[in-house]
Amino acid sequence: MNFLFARAPSIRIAPTPTAPRSISHSVSVSKALPFYLNNLRSTEQNDGKVLRMLMFGKPGAGKGTLSARLVKKYDILSLSTGDLLRQHIAEGTEIGRQAEEIVAQGNLLPDDVMLKVVASKLESLNNRHWILDGFPRTLGQGKLLDSYLQNQNTPLSLVVNLDVADNVILSRISDRWVHLPSGRVYNMSYNRPKVDGFDDETGEPLTKRPDDNPDIFSRRLKQFYDSTSPLLAYYASPGNKSARLVTLQGETSDEIWPQLDAVVRRSFPAVRERASSIAKRRYSLSDPFAMEREKRAIKRAAAGDGPNPSKFFN
Ligand code: AP5
Ligand code: MG
């Protein structure tokens, strides 16, 4: 596979439907914990049935969009390190202050900082089907993640590589709008919000990401080729026995989504579809509102009022 960096052409910036806003009421970001490599072993055996998946791909390949689709349809959790960092930045945490300039410039945070960011969240994924989006992003992060998961006897089971051409991605990015507090992604030509410029669920204004401009996007793409793409060879190597590497190609969701859905259905029959009554929610550990929604749903179920969603926060 040729990962030589091709300079990105310039991209069009979509008109701003509303002024960017700061995030005023997202809940506090959990304090990052040390990265425990010696956690208790999971009682769950690695029987190949549990989905522990990396969503891998270039910036703008559709990692967030496709993770959200899987999470909406199936009883799966997702964790996006990009969303987590944007929450830290919005909250003004120490990690956020460190990350702000690096993210805005399209560079990568140091591995040790990223481990702090994800460590406490990884513990919450234990015994669940899950997807990591945007982590690992360097060989160092990949090896540390493997050590951590092997130690828990919960190795990766699937690596999905979204293979989308650079020119397709560049045109998508110019049309992307995001709801920063939740990480929900919209696209003005492919996945429009119900009301232009506003989030479907909260009605709050959407914004452009500060790193979605032509120059910075070129740098993010270069970072991908330089630092992240070597992970593909790592996961494809014979030493990597547990995780299946699947490359999905296509330009549109009509092409990629059915392939992804089929891989999950066929290879992981233990992954259950969500009941339709709870399918509308987004179950993401990087969605600051997900935990509160889940707690409320569990309370309602205990009171005999509504379905009992599976409990996913320990
Ligand atoms: P992050 O937020 O992870 O950004 P990224 O990897 O650059 O990926 P994006 O979120 O831009 O794209 P995506 O693949 O999720 O695509 P999307 O679904 O939005 O990271 C941001 C920054 O944080 C990094 O640059 C770095 O600084 C830092 N960072 C994060 N993790 C780190 C780590 N582990 N180590 C160090 N630093 C780290 O889709 C894009 C657009 O396409 C959307 O408009 C969407 O609607 C549209 N679209 C998606 N799918 C389709 C489709 N099938 N057909 C048509 N349109 C589609
Ligand atoms: Mg994303």
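The values are calculated or read from the model by the stated rules, or taken from the named source; none is laboratory data. Here the structure is a predicted model, which is why all the values come from computation and not from measurement. Quick reminder, even Gly has a Cβ in these numbers, built from the backbone with ideal geometry, and neighbours come from all protein chains shown. All accessible areas refer to the heavy atoms of the entire protein, side chains included, with ligands and DNA or RNA removed. Shrake-Rupley method; radii C 1.70, N 1.55, O 1.52, S 1.80 Å.
For the structure I just gave you, tell me whether residue 225 is surrounded by 15 or more Cβ atoms within 10 Å (Cβ to Cβ) and away from ligand 1 (no atom under 14 Å from the Cβ). No. Just wondering, is there one or more residues in segment 194-204 that are at pLDDT below 90 and open to solvent by 40 Å² or more (accessible area, probe 1.4 Å)? Among the residues of segment 194-204, not one is at pLDDT below 90 and open to solvent by 40 Å² or more (accessible area, probe 1.4 Å), which makes the answer no. The residues listed here are 261, 254; of these, the one that is acidic (Asp, Glu), free of Cβ contacts under 8 Å to residues at least 40 places away in the same chain and not in a strand (DSSP E or B) is 254.
Would a scan of segment 142-155 turn up a residue that is among the hydrophobic types (A, V, I, L, M, F, W, C) and within 16 Å of ligand 2 (Cβ to nearest atom)? No - not one qualifying residue is present in segment 142-155. For segment 176-185, the candidate set comprises residues that are more than 12 Å from ligand 2 (Cβ to nearest atom) and at pLDDT 90 or above; within that set, the residue that is farthest from the chain's Cα centre (by Cα) is 177. Does residue 217 satisfy the condition of being open to solvent by 30 Å² or more (accessible area, probe 1.4 Å) and among the aromatic types (Phe, Trp, Tyr)? In short, no. Any residue in segment 60-69 that is within 15 Å of ligand 2 (Cβ to nearest atom), among the β-branched types (Val, Ile, Thr), part of a helix (DSSP H, G or I) and open to solvent by less than 30 Å² (accessible area, probe 1.4 Å)? Within segment 60-69, not a single residue is within 15 Å of ligand 2 (Cβ to nearest atom), among the β-branched types (Val, Ile, Thr), part of a helix (DSSP H, G or I) and open to solvent by less than 30 Å² (accessible area, probe 1.4 Å).
For segment 142-169, a residue qualifies if it is assigned to a helix (DSSP H, G or I), touching a residue at least 40 places away in the same chain (Cβ under 8 Å), of a type outside the set (D, E, K, R) and open to solvent by 10 Å² or more (accessible area, probe 1.4 Å), and the qualifying residues are 144, 147, 151, 167, 168.
Considered as a group, the residues in segment 125-158 that are within 19 Å of residue 75 (Cβ to Cβ) and within 15 Å of the chain's Cα centre (by Cα) include one that is modelled with the lowest pLDDT, and that residue is 125. Each residue in segment 237-255 was checked for being modelled with pLDDT of 90 or more, open to solvent by 50 Å² or more (accessible area, probe 1.4 Å) and within 16 Å of residue 145 (Cβ to Cβ), and 1 pass. Residues of segment 79-131 that are assigned to a loop (DSSP other than H, G, I, E, B) and either surrounded by fewer than 20 Cβ atoms within 10 Å (Cβ to Cβ) or within 8 Å of ligand 1 (Cβ to nearest atom) (or both): 92, 93, 105, 106, 107, 108, 109, 110, 126, 127. Residue pairs whose Cβ atoms lie under 8 Å apart, sitting 6 or more positions apart in sequence or on different chains, and linking a residue in segment 181-196 that is without any contact (Cβ under 8 Å) to a residue 40 or more places away in the chain to a partner that is open to solvent by 90 Å² or more (accessible area, probe 1.4 Å), are 186/192.
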